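Undergrad: Here it is, the structure, as structure tokens.
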2 protein chains.
Amino acid sequence: MKTPNYSNILEAADRIALHAHKTPVFTSDSSNQKAETELFFKCENFQKVGAFKFRGASNAVFSLSDEDASKGVATHSSGNHAQALALSAKLRNIPAFVVMPRNAPPVKIAAVKGYGAEVILCEPTQAARESTLEKVVADTGATFIHPYDNVNVIAGQGTAAVELLSEVPDLDIIITPVGGGGLLSGTAIAAKHIKPDIQVIGAEPQLADDAYRSFKSGKHIPLEKTDTIADGLRTSLSERTFSIIHDKVDDIVTVSEASIIRDMKWIWERMNMIIETSCAVPVSAVFDKKIDVKGKKVGIIITGGNVDLSKLPWQ
Amino acid sequence: MKTPNYSNILEAADRIALHAHKTPVFTSDSSNQKAETELFFKCENFQKVGAFKFRGASNAVFSLSDEDASKGVATHSSGNHAQALALSAKLRNIPAFVVMPRNAPPVKIAAVKGYGAEVILCEPTQAARESTLEKVVADTGATFIHPYDNVNVIAGQGTAAVELLSEVPDLDIIITPVGGGGLLSGTAIAAKHIKPDIQVIGAEPQLADDAYRSFKSGKHIPLEKTDTIADGLRTSLSERTFSIIHDKVDDIVTVSEASIIRDMKWIWERMNMIIETSCAVPVSAVFDKKIDVKGKKVGIIITGGNVDLSKLPWQ
């Protein structure tokens, strides 16, 4: 099973440099006081399409040969990866095909179309998603770009940690949320290469704790159904991301739904930035003392900011 | 009547460098498309206390002699200046006295106290505010730091434009909101010195158009009562800020309440950052074509992000 190495991440950084934002690293005095530590927030909510997913998707799209690229790219996703792939394809001037469930929020379908992708609606089941995608790929010759089980996507996600460590080289810990594991895998490969004694930790909702259970048991245990409010993290590790995480990550911790909502609001209020529910998960891991951070320098990757402003979780 | 010059602004930049954030300049593809121009947002919503007001307040506090400083500083304000002055005083380890109306939102009173200031409540009238402040100053010997009618405050506010122009030197236009005129004055002094052919424009709510009417008539016309949703802009120019604006600013334009709400939401959605109603005013001036920006490079100072998340204007 192929996994990316640090060179692949550096190549990704070069490849996407023209397209992706170099996002800022923010600090927050009140958050530091609360956590009794120094926190550094790598703000991928200010990335193109509002999420780190643009790094992986654009690396995958710009890695394709001209011949493969000309047939386009395809994926099934109703989240940030779909928008990221659509924009990346638009930037390379190639077609993008996105399979979405018929019951996806109209605003998300519109966003993907807004970036110029062709949206193919299917029944809202995993089987229908996969069979519809297979048909699209067979019909068009497009390359399937999986949201996280893809070497180039994982390498692209790792570029955020490279930027963070170049700005704050003496971090003791980096924490990311973990859903499918693409970001955590890329972060671990990059960070452990740059600073071998750094701790890399994944934070996960208790209600979607497949990475936690897989990590602790040493066996890949996919998720049953979940309705965690952190909707970006409702996916399971793949065999590939599990193997990287098992090999390189120091720990996985879990947090409650109530903490996620509380800390999402904290970041909105204290840092004046819009973060998704998923982003609050590592923040809660710190504030709820699930990780021993006292006196340490801690990097947190803020993954995205795509939120329905008409329905905020604390209202 | 004393007004600051460009040297005072550079001195202010040096003085506050240790305390204030150098805030990022953001861009937004979708906003550029909408405006048919290139926009550069100087994000003072990520400044300390969440507003540019920290620049002026900290410059004023750190300009005091040790003897004057030891007696503290005082102001009347229920807005961002109160928090900015409180934090600045805390950083210099001196007392701050803030006169606030009895009916100020408890969350704002708590925020000022949270920075260590002593809050003195008074009746909610201008006369009571002023007499209470006079008494505080007489009793304590504290120095009154006006929110905008103060040379050091104006010089401090001008430092945002210095940073913006050092990052984007070829701006054609800078737009700021205008309430009391401290920010617009400081911006005009700085920008016209650095790039004499730049246009400096103030944007104001139609419902609080004293700067517009003063500018157009050449006479200082203070505001009658207003309830514009842009609550940070409910103040009038002082003689001092009017004279600077009259002398240096190229134009003042006004925008509707509906545009302010629409564009506040636009920035939240498209840029994933929390901005106050006041910040949307220059954005609306661009989107509503109140200023000829087509094909030009336009800087907008985003002034702050202190918002009551339980009551958003589009809900």
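The values are calculated or read from the model by the stated rules, or taken from the named source; none is laboratory data. The shown structure was predicted, so the numbers you read here are calculated from the model rather than taken from an experiment. Quick reminder, even Gly has a Cβ in these numbers, built from the backbone with ideal geometry, and neighbours come from all protein chains shown. With ligands, DNA and RNA removed, areas are computed over all heavy atoms of the protein, side chains included. Shrake-Rupley method; radii C 1.70, N 1.55, O 1.52, S 1.80 Å.
Undergrad: Name the residues in the stretch B:130-154 that are among the charged types (D, E, K, R) and assigned to a helix (DSSP H, G or I), would you? Before the answer, list the steps.
TA: Taking the stretch B:130-154 and keeping what is among the charged types (D, E, K, R), we get B:130, B:134-135, B:139, B:149.
If the condition is that a residue be among the charged types (D, E, K, R) and assigned to a helix (DSSP H, G or I), then B:Glu130, B:Glu134, B:Lys135, B:Asp139 are the ones that fit.
Undergrad: While we're here: Between a residue in the stretch A:100-115 that is among the aliphatic types (A, V, I, L, M) and any residue that is assigned to a loop (DSSP other than H, G, I, E, B) and crowded, with 19+ Cβ neighbours inside 10 Å, which pairs come within a Cβ distance under 8 Å, given they are 6 or more apart or on different chains?
TA: A:Met100/A:Ser77; A:Met100/A:Ser78; A:Ala104/A:Ser78
Undergrad: Spot the failing condition for B:Val286; the list is (1) under 25 Å from A:His21 (Cβ atoms); (2) under 20 Å from the mean Cα position of the chain (by Cα); (3) more than 14 Å from every other protein chain (Cβ to nearest Cβ); (4) open to solvent by 10 Å² or more (accessible area, probe 1.4 Å), and only one is missed.
TA: (4)
Undergrad: Looking at the stretch B:240-258 only, could you name the residues that are open to solvent by 10 Å² or more (accessible area, probe 1.4 Å) and among the polar types (S, T, N, Q)?
TA: Residues satisfying the conditions are B:Ser243, B:Thr254, B:Ser256.
Undergrad: Of all residues in the stretch A:32-60, how many are within 13 Å of chain B (Cβ to nearest Cβ), of a type outside the set (S, T, N, Q) and assigned to a helix (DSSP H, G or I)?
TA: Number of matching residues: 7.
Yes/no per residue for (1) of a type outside the set (A, V, I, L, M); (2) at pLDDT 95 or above:
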residue: B:Arg102; (1), (2): yes, no
residue: B:Thr125; (1), (2): yes, no
residue: B:Ser131; (1), (2): yes, yes
residue: B:Gly158; (1), (2): yes, yes
residue: B:Ala161; (1), (2): no, yes
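Undergrad: Follow-up question, since we're still on this one. If you scan the stretch A:289-306, which residues turn out to be open to solvent by less than 40 Å² (accessible area, probe 1.4 Å) and within 14 Å of chain B (Cβ to nearest Cβ)?
TA: A:Ile302, A:Thr303, A:Gly304, A:Gly305 - these are the residues of the stretch A:289-306 that are open to solvent by less than 40 Å² (accessible area, probe 1.4 Å) and within 14 Å of chain B (Cβ to nearest Cβ).
This table checks each residue for (1) over 24 Å from A:Leu233 (Cβ atoms); (2) among the charged types (D, E, K, R).
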| position | (1), (2) |
| --- | --- |
| A:Ile9 | no, no |
| A:Ala12 | no, no |
| A:Leu18 | yes, no |
| A:Asn32 | yes, no |
| A:Val49 | no, no |
| A:Glu67 | yes, yes |
| A:Ala89 | yes, no |
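Undergrad: Can you pull out every residue in the stretch B:130-145 that is farther than 13 Å from B:Pro95 by Cβ and buried (at least 19 other Cβ atoms within 10 Å of the Cβ)?
TA: B:Thr132, B:Leu133, listed by residue number.
Undergrad: Within the stretch A:116-128, does at least one residue satisfy the condition of being of a type in the set (D, E, K, R), open to solvent by 60 Å² or more (accessible area, probe 1.4 Å) and either part of a helix (DSSP H, G or I) or touching a residue at least 60 places away in the same chain (Cβ under 8 Å) (or both)?
TA: no
Undergrad: Determine which single condition B:Ser78 fails, assuming it passes every other condition in (1) in contact (Cβ under 8 Å) with a residue 40 or more places away in the chain; (2) under 18 Å from the mean Cα position of the chain (by Cα); (3) more than 14 Å from every other protein chain (Cβ to nearest Cβ).
TA: With respect to (1) in contact (Cβ under 8 Å) with a residue 40 or more places away in the chain; (2) under 18 Å from the mean Cα position of the chain (by Cα); (3) more than 14 Å from every other protein chain (Cβ to nearest Cβ), B:Ser78 is out only on (1).
Undergrad: Now for a separate question. Just wondering, is there one or more residues in the stretch B:47-62 that are over 30 Å from A:Phe26 (Cβ atoms) and not assigned by TED's automatic domain parsing to the domain that holds B:Trp268?
TA: Within the stretch B:47-62, none of the residues are over 30 Å from A:Phe26 (Cβ atoms) and not assigned by TED's automatic domain parsing to the domain that holds B:Trp268.
Undergrad: Moving on to the next point. Give the residues of the stretch A:6-31 that are away from every other protein chain (no Cβ under 14 Å), in a loop (DSSP other than H, G, I, E, B) and in contact (Cβ under 8 Å) with a residue 12 or more places away in the chain, sorted by residue number.
TA: none
Undergrad: Name the residues in the stretch B:1-53 that are hydroxyl-bearing (Ser, Thr, Tyr) and open to solvent by less than 30 Å² (accessible area, probe 1.4 Å), would you?
TA: Going through the stretch B:1-53, the residues hydroxyl-bearing (Ser, Thr, Tyr) turn out to be B:3, B:6-7, B:23, B:27-28, B:30-31, B:37.
Selection gives B:Thr23, B:Ser28, B:Ser31, B:Thr37.
Undergrad: Next question. Do we have B:Ala69 as modelled with pLDDT of 95 or more, in contact with a strand residue (DSSP E or B) (Cβ under 6 Å, 6 or more places away or on another chain) and in a helix (DSSP H, G or I) here?
TA: In short, no.
To keep it simple, each residue is scored yes or no on (1) open to solvent by 10 Å² or more (accessible area, probe 1.4 Å); (2) in contact (Cβ under 8 Å) with a residue 24 or more places away in the chain.
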| residue | (1), (2) |
| --- | --- |
| B:Thr187 | no, yes |
| B:Ile201 | no, yes |
| B:Ser214 | no, yes |
| B:Ser217 | yes, no |
| B:Lys225 | yes, no |
| B:Arg270 | yes, yes |
| B:Met273 | no, yes |
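Undergrad: May I pose another question? Taking the stretch A:276-315, which residues are touching a residue at least 12 places away in the same chain (Cβ under 8 Å) and small (Gly, Ala, Ser)?
TA: Once the filter is applied, which keeps residues that are touching a residue at least 12 places away in the same chain (Cβ under 8 Å) and small (Gly, Ala, Ser), the stretch A:276-315 yields A:Ser278, A:Ala280, A:Ser284, A:Ala285, A:Gly295, A:Gly299, A:Gly304, A:Gly305.
Undergrad: Output the helices (runs of 4 or more DSSP H) that fall wholly within the stretch A:219-315 and possess 2 or more residues being at pLDDT 95 or above and under 24 Å from A:Pro124 (Cβ atoms), or say none.
TA: Hits in the stretch A:219-315: A:277-287.
Undergrad: Still on this structure, I have one more. Looking at (1) within 14 Å of chain B (Cβ to nearest Cβ); (2) on the phi > 0 side of the Ramachandran plot, which one does A:Lys108 not meet, given that it meets all the others?
TA: Failed condition: (2).
Undergrad: Filter the stretch B:267-283 down to residues that are over 21 Å from B:Lys48 (Cβ atoms) and within 11 Å of chain A (Cβ to nearest Cβ), then give me how many there are.
TA: 3
Undergrad: Follow-up. State all residues of the stretch B:206-218 that are under 20 Å from the mean Cα position of the chain (by Cα) and in a helix (DSSP H, G or I); if no residue qualifies, say none.
TA: Result: B:Gln206, B:Leu207, B:Ala208, B:Asp210, B:Ala211, B:Tyr212, B:Arg213, B:Ser214, B:Phe215.
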